[in-house]
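Reading through the structure tokens given below for one structure.
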Amino acid sequence: MGQDEKNQRTAQTPFAQTYFHGTKADLKIGDTIEPGYNSNFGQRKNAKYIFLTATLDAAIWGAELALGEGRERIYLVEPTGKIEDDPDLTDQKFPGNPTKSYRSTHPFKVVGEITIWQGHPPQQVNAMKGHLEHLKDQGIDSLNDE
């Protein structure tokens with residue numbers, strides 16, 4: 001096997017599976033996102049899980065609904081351990097996993113940032129925030145609080 005052929009076989013394939021994380025945290029490439037911070041949803045207690053998605057739309061929602069005053073950001077992340085379906089957005093509430101949303105107890109490594117993206121219309125974001133507040137008022141919490 002020639003050197004060029006060997007290099008082609010061992011070269012990494014970037015973005016074989018792309019994952020996104022929407023937030024207001026100001027992070028840099030190489031930083032890690034870890035569990036233990038206050039959750040944006042449910043009872044807003046220290047989160048056991050962190051979340052990522054394989055769809056840009058779900059990451060945009062994550063950034064738009066994140067608590068805090070910082071700028072909305074979407075990072076490309078790489079899981080460092082096992083990921084599983086997010087029960088708030090999968091079989092327990094919706095069939096399958098249409099938003100390709102996942103959770104993990106293992107850190108995510110920031111490998112890039114999406115700097116140009118189109119958010120949802122403000123009225124749609126406000127309606128979603130109102131819906132989440134209504135669920136909270138009814139005592140319907142995130143399945144991730146369990």
For THR32, put the label point 7 Å out on the Cα→Cβ axis and report which residues of the range 49-86 keep their amide N under 18 Å from it.
-> 49-52, 76-84
In this model, which of LYS24/LYS109; LYS82/LYS129; LYS82/LYS136; LYS48/LYS129; LYS109/LYS129 are farther than 26 Å apart at the alpha-carbon?
-> LYS82/LYS129; LYS82/LYS136; LYS109/LYS129
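Read-outs: derived from the displayed coordinates by stated rules, not from any lab. Computed from a predicted model, the values in this text were never measured in an experiment. Here Cβ is always computed from backbone atoms with ideal geometry, including for glycine, and neighbour counts include all displayed protein chains.
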